1. Can you tell me which residue is nearest to residue 426 (Cα to Cα) among those in region 275-289 that are in a helix (DSSP H, G or I) and open to solvent by less than 10 Å² (accessible area, probe 1.4 Å)?
2. Residues that are aliphatic (A, V, I, L, M), out of contact with any strand residue (DSSP E or B) (no Cβ under 7 Å at 6 or more places or on another chain), in contact (Cβ under 8 Å) with a residue 40 or more places away in the chain and not in a strand (DSSP E or B): does region 68-79 have at least one?
3. From the list 344, 367, 374, 318, which residue is of a type in the set (Gly, Ala, Ser), within 28 Å of residue 443 (Cα to Cα), exposed (fewer than 13 other Cβ atoms within 10 Å of the Cβ) and free of Cβ contacts under 8 Å to residues at least 60 places away in the same chain?
4. Tell me which residues, restricted to region 445-474, are open to solvent by 90 Å² or more (accessible area, probe 1.4 Å) and modelled with pLDDT under 75.
5. Restricting region 164-179 to residues that are under 11 Å from the mean Cα position of the chain (by Cα) and not charged (D, E, K, R), which is surrounded by the fewest Cβ atoms within 10 Å (Cβ to Cβ)?
6. Only residues in region 450-474 that are within 14 Å of residue 272 (Cβ to Cβ) and part of a helix (DSSP H, G or I) count as the first member; pair them with residues that are open to solvent by 60 Å² or more (accessible area, probe 1.4 Å) and modelled with pLDDT of 80 or more, Cβ under 9 angstrom, at least 6 apart or cross-chain, and list the lot.
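The values are calculated or read from the model by the stated rules, or taken from the named source; none is laboratory data. Keep in mind that what you see is a predicted model, and the values were worked out from it rather than measured. Here Cβ is always computed from backbone atoms with ideal geometry, including for glycine, and neighbour counts include all displayed protein chains. The area values use the complete protein model at the heavy-atom level, side chains included, leaving out ligands, DNA and RNA. Shrake-Rupley method; radii C 1.70, N 1.55, O 1.52, S 1.80 Å.
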Amino acid sequence: MAKFVLAGKANCPYFAKAELLADLLQRSLPKFSIHKLCMHPNEWQQWLETTCKENGWQHEYSPMIWRELINRGGKGMLLGGFSDFLEHVQAYYGITSDMTTELMMKIATENLLTRELCMKEEVYHQSLIKPLHIWISSALNPTCYILIPQLFAPGVFRDAPTISLHLLDVGAIEEDLQGVRMETEDLALPQLHKVTVYTELDQAFQQAHFIILLDDSWPECGGEDEEESKVRKVSERYEQYGRLIDERAHKNVAVIVAGNTLVNLKCSLLLENAPSVDSGHFVGMATQLEYEARAHIAQKLSVKTADVTDVIVWGNISGSSHVDLQRAKVFQYEGAIWGPSDFSQPVLKMIYDRKWLQTDFLNLVSSQRATVASKSQRATAISATNGIIAVLKAWNCNSSAEEVFSLGILSTGQYNLPAGVVFSMPVSFQDGRWSVLSDVIIGDEMRAKLQIAADQLREVSIVTRTQAQQSHVS
């Protein structure tokens, strides 16, 4: 079987002549096959350079013809241009072409018009597709690798017919991101429309409907100023992210800040630099911390983690936070009182060991991620993904209005907390919007702890602004 590929510019008369000669051969010879690539003149040069580079060929004009040798275990064999193809055909098949110049020019004109019509139709059909645009920053973070397939799980984006996934990692090696893209495409997800990768911010957050910001990877700088350097880098990056989100993202964009580092600060910087986006569309994720607390309570009560609900995390997600169990419930607990599967009991009444709650429990929760990382030799990507997916489901109207989430949100003075600070507090979702719970009691002891968290957040904010001012002066 002789398999040939004919590629050329749509307006090239010699492509037209080669095309008709190839059609004649295909009709006359049962074992002759031709595949045609007719391109718009604007597409041709880049395609030609890329194809020649990939195959190690030298060719500079239209058309270009090669023979496929896949069946023999080899790559394509370049024949050359029209003259080379004509010479090959005359030598092997004894067939030539007597097409006139006038006919060549006519067919070339028709080819160009047809190609332009096809391109317009393609643009029109693409315009009919309205994908949901999801952006993930720091896409080489291990969490992203686990998160991607979960985004397409049932119930996460159930109303989105198609999803365009945008993977951003500033300054990363593009080949690494391309590898993630290829693996994502290999999943053959029906809901996936397209995957694109970016290592620069020139197109970041275009048309974004959802943005998931993961921890950035910063090189170790060493010395006493390492933490200060990290705060400065995070501040510069997230100020820029905020401005880009304000300029480019959909005005109803939903932004989740996840990770282990400076979550509240990152969320605050985004809010300050994206004034045209509703502040309710930015949240810092305390859900992972909440789930870690639930896991330790479940172990203490010998139930499953899913049987513990309504744990609240207050304060600085990445620093001074407080785990509040006043609303926490436990299901399926085998105590003195037993009921059906929907019967729950207050956690604080089931755990009598107050010393454990005030010391060991808090230490276990605060060190959970470090413990997991030391045992597995990797970041806690699975639990981080689980928290992100839980928030996305709630934001997409797939959770109960009774379910409690802990999220870092902009305080407007709720519970007499300082206004203008991003603070983790309890919320519930209804119809795709969250609202702060109003029936949580804050005693004097808890208020003192929350004040410590608020002071810590204000201190970080002051340091950040001071660094920004010094940077502008220098």
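1. Taking region 275-289 as the starting set, the residues that turn out to be in a helix (DSSP H, G or I) are 279-281, 287-289.
Filter again for open to solvent by less than 10 Å² (accessible area, probe 1.4 Å), leaving 287-288.
Details: 287: 10, 288: 14 Å.
The selected residue is 287.
2. Residues of region 68-79 that are aliphatic (A, V, I, L, M), as a first pass: 69-70, 77-79.
Subsequent filtering for residues that are out of contact with any strand residue (DSSP E or B) (no Cβ under 7 Å at 6 or more places or on another chain) retains 70.
With the extra rule that they be in contact (Cβ under 8 Å) with a residue 40 or more places away in the chain, the set shrinks to 70.
From the residues that got through so far, the ones that are not in a strand (DSSP E or B) too are 70.
Yes, region 68-79 has at least one match.
3. 367
4. 462, 465, 469, 470, 472, 473, 474
5. 164
6. Cβ pairs passing all conditions: 464/232; 468/232; 468/236.
The rows are residues; the columns are (1) open to solvent by less than 90 Å² (accessible area, probe 1.4 Å); (2) modelled with pLDDT of 90 or more; (3) more than 30 Å from residue 162 (Cβ to Cβ).
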position: 21; (1), (2), (3): yes, yes, yes
position: 33; (1), (2), (3): yes, no, yes
position: 41; (1), (2), (3): yes, yes, yes
position: 99; (1), (2), (3): yes, no, yes
position: 119; (1), (2), (3): yes, no, no
position: 125; (1), (2), (3): no, no, no
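Matching residues to (1) in contact (Cβ under 8 Å) with a residue 24 or more places away in the chain; (2) within 13 Å of the chain's Cα centre (by Cα); (3) part of a loop (DSSP other than H, G, I, E, B):
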| position | (1), (2), (3) |
| --- | --- |
| 136 | yes, yes, no |
| 140 | yes, yes, yes |
| 147 | yes, yes, no |
| 182 | no, no, no |
| 197 | yes, yes, no |
| 201 | yes, no, yes |
| 230 | yes, no, no |
| 234 | yes, no, no |
| 238 | yes, no, no |
